[in-house]
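The values are calculated or read from the model by the stated rules, or taken from the named source; none is laboratory data. What you see is a predicted model; the values in this text were computed from it and never measured. Please note: Cβ atoms are built from the backbone with ideal geometry, for glycine as well, and neighbour counts cover all protein chains shown. What goes into the accessible areas is simple: the full protein's heavy atoms, side chains included, and nothing from ligands, DNA or RNA. Shrake-Rupley method; radii C 1.70, N 1.55, O 1.52, S 1.80 Å.
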Amino acid sequence: MRSGYAEFRFGWPVVFASAIGIGLGMSPLPFYTIGVFVAPLSAEFGWRVDQIMLALPIFTFGALFVSPAVGFITDRVGVRKVVLTSIVLFSLTMMSFSLNTGSTAMYLILWCLLAVTGAGTLPITWTRAVNGWFFHKRGLALGFTLVGTGIFGAMAKIYAAYLIELVGWRWAYVGVGALPLVIALPMAYLFFREPDDPAVAEKSAALREAVSVPEASTLGGMTVRAALKDWRFWLLAYAFIPISFAVGGPIPNLERMMDAKGFTTEEAVLLASVIGYAVVVGRVLGGFLLDHFWAPAIAAILLSIPAAASLMLAQPELSFMMAAIAIFVLGLAAGVEYDLMAYLVSRYFGMRHYSAIYGSLYGFFAFGAGFGPYIFGRSFSETGSYDSILQISAIAFLVGALPLFLLGRYRDFSPKPKE
């Protein structure tokens, strides 16, 4: 137990930098703030909700094709180079949304470009380095690493809403887009390095002396070709599509969903921000449980419970407290999913081609998460309510979560002794 926690003495700078980098990266910033920009964009350009949310499927297709490529590049040129370059490009692209003059084509092109430039800021890159520094407490380390999405996701909603009211939506895009450049880039430059980086050779050697870490934790594993032939890869690919749809669909629509339930704008923004704090709890709780129990069982249980939350939000009469509880439970699921993907890839496929395999699986995750918000928005545009699609998402949680029980025991990639 003690030796496991000793890993944090050496790996905390990477966890710290990664938490900020992921929190201010492509995963949360565009996704959590798009709902805040719906009202001002609709008011200025006359766009419907589903027109604005169409950006997320475009975003998804970009991530679907780019994330595997980023994984391959990361495995070959090193994660640090990919991360630093992507932060700069992602930040500049995010700020460029302020230049839109009402062209929906330009709006959608920018979302596609955002997926290309920001793919290096996804957990695909950051978690590779974290997994390299941690073995015994890998789940907890990943949990702390990924809390950034919840913390900065919640803050970004409030920050964007404040800027829109103070200086308008154009400068709000500039303010949100500048965050990775001003905060994440310096932190990554100073603290983000893999264990095999010559700059941290002494620290890496000290870690190996202080903590017993199998060589396979950083070197062993399957090739991408072998992973693609493995049924577990395709089971995970299948499971993550309905799960990401059910988790990702409501989040960008929460402000409009709460408005449709009769809450004021201030109450709607406050309720929507609950999702971010719940994600933080889900990250840490999920990471702790992954280190102590069989991960597929933990995931199946924690990702089934939000089915009840979806049904709660679909009720005709919704109190503030009931809405807050349901959104919090959805946030717990959002907190578990990223930890789960990173952890399962490392345990079932190893670290040899971690980023490429993770990137390939992330494409399926992005597919569900990208189309979910658009389908939710489309359902609202056609029916004036989110109730029907919330009932469908409740089923999606169960359809995606329960098959995880079939994954079986973890794989051992330790070198086989010579006869």
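Mean sequence separation of contacting Cα pairs (under 8 Å, at least six apart), scaled by the length of region 93-242, corresponds to a relative contact order of 29 percent.
Ligands, DNA and RNA are left out, and with a 1.4 angstrom probe the accessible area of the chain is 39 Å² per residue. When peptides 237-247, 223-233 are ranked by their average number of other Cβ atoms within 10 Å per residue, the highest-first order is 237-247, 223-233. Report relative contact order for the chain in percent, whole number only (criteria: Cα-Cα under 8 Å, sequence separation at least 6). This gives 28 percent for the chain. Pairs from the list LYS81/LYS137; LYS203/LYS229; LYS157/LYS261 with a Cα-Cα gap above 30 Å: LYS203/LYS229.
The distance from the alpha carbon centre of region 176-202 to that of region 354-419 is 29 Å, rounded to a whole number. With runs of 4+ DSSP H residues as the only contributors, calculate the mean residue ellipticity of the chain at 222 nm using -39,500 (n - 2.57) per run, divided by the residue total and rounded to the nearest 500. Calculated mean residue ellipticity at 222 nm is -25000 deg cm²/dmol.
Distance from the alpha carbon centroid of region 42-86 to that of region 280-296 works out to 27 angstrom. Over region 1-141, what relative contact order in percent results from Cα pairs under 8 Å that are six or more residues apart? Averaging sequence separation for qualifying contacts and normalising by length gives 43 percent for region 1-141.
Note on the chain: with neighbouring protein chains present and a 1.4 Å probe, carbon and sulfur make up 68 percent of its accessible heavy-atom surface. Summing charges over all other residues whose Cβ lies under 14 Å from the Cβ of LEU41, with Lys and Arg as +1 and Asp and Glu as -1, gives 0.
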